[in-house]
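Below is one structure, written out as structure tokens, with a few remarks after it.
The values are calculated or read from the model by the stated rules, or taken from the named source; none is laboratory data. Just so it is clear, the model here is predicted, and its values are computed rather than measured. Note that we place each Cβ from the backbone using ideal geometry, even for glycine, and neighbour counts take in every protein chain shown. For accessibility, only protein heavy atoms count, side chains too; no ligands or nucleic acids. Shrake-Rupley method; radii C 1.70, N 1.55, O 1.52, S 1.80 Å.
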Amino acid sequence: METSINEYFSRRRTVRRYSAKPVDAALVRNLLALAAHAPNTGNMQLYSAVVTSSPEMKRLLAPAHFNQPQVEGAAHVVTFCADYRRYSLWCEESGTDPGCDNFQSFMAAVIDTCLFAQQFNTLAEMDGLGCCYLGTTTYNAEEIGQLLSLPELVVPVTTITVGWPDGEAPESDRLSPDAIIMDEKYQDFSGEDIKAIYSYKESLAENHRFVEENGKKNLAQVYAEVRYPRTSAKIFSEKYLAYVRKQGFAI
């Protein structure tokens, strides 16, 4: 029976385990071509996608993604890049200054890239494929850039692993719509509001386990002190910013 649009979006899952069944490269290419119809800045399409399919290249990419098993386990690893190079070369060939070596231009390319990536993710999942975003892309962008031979004005933004699912992936919890949807103006939260918003997430058995395993008092401490600590964020922020500047964006 066909899955309705509402059912797909309400029940979608991140897939990290893939079967050995190959995924036709032509299918991935077609899904990327369809995804390229996503909205973008001024119809400039400031993005590129590098598809890694060979076992050897996936093996080389894996350390940059902290050896997450889905990198080598997926049929294809797609690195989505903010790409001003193509536009810049077009401008230069046409005798004009592209004017893209700045923060505004970089952010436009990042937004375009994210829209492109998400459109691909949705199309792939609706075709029965399993996908997983890799947030580690910005952590080791320079290493990824070197492996993929990315030239000036091209910067990795995010990565999606793709393959046929191996079994059913767990469904992720989400905050209540009341926590994220606001009418007319931003509505700030009281302490009681915050407790109510996060109560379900904190009640889950798997999250109780995370708290116990990490010796913390609550789930927020696991997130802020173990999973995403300030020290790591600062290190990777400086590293990514240095690489973005090296690639030609004066920000």
*Length gain on complete extension for the stretch THR14 to PHE210, per 0.36 nm per residue less the alpha carbon to alpha carbon distance?*
68.6 nm
_Protein accessible area in region 1-121, 1.4 Å probe - carbon and sulfur %_ = 55 percent
*Please return the longest stretch of the chain lacking exposed loop sites, where chymotrypsin sites (Phe, Trp or Tyr not before Pro) count only if DSSP places them in a loop and at most 13 other Cβ atoms lie within 10 Å.*
67-185
_Gyration tensor verdict on region 33-131 (Cα atoms; rounded if a/c is under 1.5, prolate if a/b is larger than b/c, oblate otherwise)_ = prolate
*23 Å Cα cut-off, lysine pairs counted over the chain (separation 8 or more, or different chains)*: 9
*With all protein chains modelled, accessible area of ILE5 [1.4 Å, Å²]*: 100 Å²
_If you consider only alpha-carbon coordinates, what radius of gyration and Dmax does region 164-251 have, in Å?_
18.3, 47
*asked:* Please return the longest range in the chain lying between exposed loop sites, taking GluC sites (Glu not before Pro), DSSP loop only, at most 11 other beta-carbon atoms within 10 Å, and leaving the sites out.
replied: 3-167
*With axes computed from alpha carbons, what is the tilt in degrees of helix 191-203 against the longest principal axis of the chain, rounded to the nearest 10 within 0 to 90?*
90 degrees
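Using R₀ = 25 Å, calculate the FRET efficiency as 1/(1 + (r/R₀)^6) where r is the Cβ-Cβ separation of ASP188 and CYS114; round to 0.05.
0.40
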*Rounded if a/c under 1.5, otherwise prolate or oblate - region 1-73, Cα gyration tensor axes*: oblate
*asked:* Restricting to DSSP H runs of at least four residues, report the calculated mean residue ellipticity at 222 nm for the chain, -39500 (n - 2.57) per run over all residues, nearest 500 deg cm²/dmol.
replied: -13500 deg cm²/dmol
*Distance between region 106-120 and region 173-245 - C-alpha centres, whole angstrom*: 24 Å
*Please build a GNM for the chain, connecting alpha carbons under 10 Å apart, and tell me which residue among ALA35, ALA25, ALA124 fluctuates the most.*
ALA25
*Roughly how many nanometres apart are two label points built 7 Å out from the Cα toward the Cβ at ASP166 and LYS246?*
3.4 nm
*Using 0.36 nm per residue of separation minus the Cα-Cα distance, give me the extension gain between TRP90 and TYR133 in nm, one decimal.*
12.4 nm
*Anyone know which of SER94, SER190, SER237 comes out most mobile in the 10 Å Cα GNM of the chain?*
SER190
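Please calculate how many Å² of accessible area region 40-109 carries per residue, with a 1.4 Å probe and no DNA, RNA or ligand atoms counted.
50 Å²
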_Of [x] 14.4; [y] 16.8; [z] 12.2, the label for mean projected area of the Cα convex hull in nm² derived from the coordinates_ = [y]
*Theoretical gain in end-to-end length, LYS195 to LYS239 [0.36 nm per residue, Cα-Cα removed]*: 12.3 nm
